[in-house]
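The values are calculated or read from the model by the stated rules, or taken from the named source; none is laboratory data. Keep in mind the model is a prediction, meaning the values are calculated, not measured. Methodologically, a virtual Cβ is constructed for each residue, glycine included, from the backbone with ideal geometry; neighbour enumeration extends over all protein chains shown. Keep in mind that these areas ignore ligands, DNA and RNA; they rest on the heavy atoms of the full protein, side chains included. Shrake-Rupley method; radii C 1.70, N 1.55, O 1.52, S 1.80 Å.
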Amino acid sequence: MLLDGDVKAQLSQYLQLMEGNVLIKVSAGSDSVSSDMIALVDEIASMSPLITIEKTELPRTPSFSIQRAGEDSGITFAGIPLGHEFNSLVLALLQVSGRAPKVEQKIIDQIKAVKGRYHFESYISLTCHNCPEVVQALNIMSVLNQAISHTMVDGAVFQEEVQTKNIMAVPVVYLNGEFFSSGRMSVEEILAKLSDNSDISEFEEKEPFDILVVGSGPAGASAAIYAARKGIRTGIVAERFGGQVKETLGIENFISMKYTEGPKLAENLEEHVKEYPIDVMKLQRGRRLEKKELIEVELENGAVLKSKAVILSTGARWRNIGVPGEAEFKNKGVAYCPHCDGPLFKGKRVAVIGGGNSGVEAAIDLAGIVEHVTVLEFMPELKADVVLQKRLYSLPNVTVLKNVQTKEITGTDKVNGLSYMDCGTEEIHHLELQGVFILIGLVPNTDWLSGTVERNRFGEILVDSHGATNVQGVFAAGDCTNSPYKQIVIAMGSGANAALGAFDYLIRN
């Protein structure tokens with residue numbers, strides 16, 4: 001039995017929502033993964049009379065496809081979709097049975113309008129919290145358009161295939177046998193990449209906003225909601241709802257919730273924003289801001305939006321260490337998310353650069369998967385909480401190097417090592433490695449604002465107690481500002497604060 005009692009009870013309730021018959025075609029061998037896969041499929045089939053099982057041979061074994069009776073849905077799972085992918089399996093069963101996916105009608109129309117034949121393969125790990133969005137998006141596309149098919153491939157099961165394709169980070173998507181993309185992607189982003197639609201007319205026809213929010217993380221969503229509740233015309237430029245939150249796994253300090261996960265919180269943010277008449281402009285980023293009679297925000301697609309007030313909430317991104325080899329070997333051994341990419345380094349030697357909470361937590365997680373972890377910290381002592389340090393030092397396959405500076409990440413087609421300098425002796429040493437995880441904090445997404453709003457030496461936007469910048473009518477909130485603490489709950493509060501400040505500005509001007 002692969003599913004415990006609570007999960008089976010929840011699954012049984014979900015399967016009652018099925019609307020039609022579903023056929024699961026199973027391609028199994030004599031290996032242990034095949035045995036577990038058959039056990040899972042049998043358990044699921046026993047919970048609904050609408051599910052039947054048939055043995056077959058698929059391109060990969062072990063794998064199984066989910067089909068409508070007499071019709072190929074194009075959805076295949078190569079491996080066992082448990083962990084973070086269990087929801088992907090449940091949704092696939094419901095959608096193949098005929099239950100409509102929860103996406104906007106505009107997106108459904110775009111998927112159905114896609115011409116040509118497209119076979120997607122997504123390479124994932126079951127511990128990756130970024131992967132399900134990609135898997136579920138491609139599954140939805142397969143259900144709605146028979147010319148599209150998708151196979152989810154668990155990299156831990158098909159290690160030889162992953163190594164042959166040099167995949168060292170997930171999610172990675174191949175289209176018709178060729179590399180298509182890496183990293184988290186929404187269904188809107190996949191469609192945009194397929195169509196390359198650069199029409200900006202819909203943006204240029206928009207009337208000026210009262211408040212325009214640039215950024216859709218916790219701060220941006222909060223600001224947009226608070227602005228919309230004032231009954232004023234509100235817009236939000238949303239490259240990707242949730243922002244950095246989507247890269248966060250467990251969240252235990254969000255007040256009123258004992259535990260949630262980043263992707264779920266990001267989904268909740270978007271759903272809350274949709275409750276208000278907010279003009280949401282997805283897949284867009286700011287390129288230029290200029291104060292004229294109104295404030296103008298030029299997007300990267302060339303369109304210009306105008307607003308009486310603007311709230312900047314562009315968040316932050318992983319900080320690069322900036323040494324030779326980092327950019328060259330990104331996704332080829334250089335990684336930033338241990339939860340996502342850790343399983344791809346099973347049995348290998350890796351390094352973690354960074355001795356703060358994020359770095360030490362990553363090292364602890366990786367130690368249970370890889371052969372050996374070396375932690376490199378630039379300062380004389382680790383910066384992580386004492387409880388984390390105690391746990392780290394208790395692990396037998398971890399080495400901690402303090403007062404060292406990473407000089408170069410080496411390799412040919414992928415990472416094979418790391419060179420560092422002992423800051424005390426200035427001697428250069430080299431480690432033979434297969435992976436390097438970089439966790440040295442965040443950098444604000446404010447490069448595009450150079451020469452406009454005032455920023456500090458870290459690139460953070462300077463704001464006053466009302467969230468106002470030095471430019472009249474321009475406010476800022478969240479991790480892109482000089483707020484001393486980068487926390488989700490603080491970002492949300494600062495977003496609300498900036499919206500109230502912007503509204504006060506509007507009624508006074």
Of (1) under 30 Å from Ile232 (Cα atoms); (2) out of contact with any helix residue (DSSP H, G or I) (no Cβ under 9 Å at 6 or more places or on another chain); (3) not polar (S, T, N, Q), Pro343 satisfies all except one. Which?
(1)
Where the second residue is basic (Lys, Arg) and outside any helix (DSSP H, G or I) and the first is buried (at least 17 other Cβ atoms within 10 Å of the Cβ) and lies in region 379-400, which pairs have Cβ atoms under 9 Å and are six or more apart or on separate chains?
Leu382/Lys402
By residue number, the members of region 424-448 that are exposed (fewer than 15 other Cβ atoms within 10 Å of the Cβ), in a strand (DSSP E or B) and of a type outside the set (A, V, I, L, M, F, W, C) are His429, His430, Glu432
Any chance Gln159 is open to solvent by 40 Å² or more (accessible area, probe 1.4 Å) and more than 30 Å from Glu275 (Cα to Cα)
yes
Does Gly451 count as surrounded by fewer than 18 Cβ atoms within 10 Å (Cβ to Cβ) and within 30 Å of Lys348 (Cβ to Cβ)?
no
Tally time: how many residues in region 402-418 are open to solvent by less than 60 Å² (accessible area, probe 1.4 Å) and over 28 Å from the mean Cα position of the chain (by Cα)?
2
What pairs can you find where one residue is in region 460-471 and touching a residue at least 40 places away in the same chain (Cβ under 8 Å), the other is of a type in the set (Val, Ile, Thr) and part of a loop (DSSP other than H, G, I, E, B), and their Cβ atoms are less than 8 Å apart, with a gap of 6+ or different chains?
Ile461/Thr446; Ile461/Val453; Ile461/Thr469; Thr469/Val453; Thr469/Val463; Val471/Thr452; Val471/Val453
Top-ranked residue of region 162-181 - restricted to ones that are among the β-branched types (Val, Ile, Thr) and out of contact with any Cys (no Cβ under 9 Å at 6 or more places or on another chain), ranked as most open to solvent (accessible area, probe 1.4 Å)
Thr164
Qualifying residue in region 287-309 (condition: among the basic types (Lys, Arg) and closer than 20 Å to Val443 by Cα):
yes
For residues that are of a type in the set (Val, Ile, Thr), open to solvent by 30 Å² or more (accessible area, probe 1.4 Å) and modelled with pLDDT of 95 or more, tally how many sit in region 344-378.
1
Taking the residues in region 137-149 that are in contact with an Asp or Glu (Cβ under 9 Å, 6 or more places away or on another chain) and either charged (D, E, K, R) or surrounded by fewer than 24 Cβ atoms within 10 Å (Cβ to Cβ) (or both) as candidates, determine which candidate is farthest from Lys246 (Cα to Cα).
Gln146
Which of (1) more than 30 Å from Lys346 (Cα to Cα); (2) of a type in the set (A, V, I, L, M, F, W, C); (3) not in a loop (DSSP other than H, G, I, E, B) does Val463 not meet, given it meets every other one?
(3)
If I filter region 455-496 down to residues being open to solvent by 60 Å² or more (accessible area, probe 1.4 Å) and within 17 Å of Val310 (Cα to Cα), which single residue comes out as nearest to the chain's Cα centre (by Cα)?
Arg455
Region 76-124, residues that are modelled with pLDDT under 95, under 19 Å from the mean Cα position of the chain (by Cα) and over 25 Å from Glu270 (Cβ atoms)
Leu82
Six or more apart or on different chains, Cβ atoms under 7 Å: show the pairs whose first residue is in region 308-322 and on the phi > 0 side of the Ramachandran plot and whose second is part of a strand (DSSP E or B).
none
Counted residues, region 315-330 - those being touching a Leu at 6+ places or on another chain (Cβ under 6 Å) and aromatic (Phe, Trp, Tyr):
0
Hand me the list of strands (runs of 3 or more DSSP E) wholly inside region 244-338 holding 1 or more residues that are open to solvent by less than 90 Å² (accessible area, probe 1.4 Å), of a type in the set (D, E, K, R) and touching a helix residue (DSSP H, G or I) at 6+ places or on another chain (Cβ under 6 Å).
278-282
Can you run down the residue pairs with Cβ atoms below 6 Å, 6 or more apart or on separate chains, where the first is in region 326-343 and over 12 Å from Gly411 (Cβ atoms) and the partner is open to solvent by 20 Å² or more (accessible area, probe 1.4 Å) and part of a loop (DSSP other than H, G, I, E, B)?
His339/Thr127; His339/Leu249; Gly342/Ile369; Pro343/Thr127; Pro343/Ala156
Qualifying residue in region 209-228 (condition: charged (D, E, K, R) and assigned to a loop (DSSP other than H, G, I, E, B)):
no
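Look at Lys230 and say whether it is closer than 22 Å to Pro338 by Cα and more than 17 Å from the chain's Cα centre (by Cα).
Taking the combined requirement at face value, the residue does not satisfy it.
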The one condition in (1) surrounded by fewer than 19 Cβ atoms within 10 Å (Cβ to Cβ); (2) assigned to a strand (DSSP E or B); (3) touching a helix residue (DSSP H, G or I) at 6+ places or on another chain (Cβ under 9 Å) that Met421 fails to fulfil:
(3)
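Let's see how each residue does on (1) among the basic types (Lys, Arg); (2) touching a strand residue (DSSP E or B) at 6+ places or on another chain (Cβ under 7 Å); (3) at pLDDT 95 or above:
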site	(1), (2), (3)
Leu2	no, no, no
Asp6	no, no, no
Ala9	no, no, no
Tyr14	no, no, no
Gly20	no, yes, no
Leu23	no, yes, yes
Ser27	no, yes, yes
Ser35	no, no, yes
Ile51	no, yes, yes
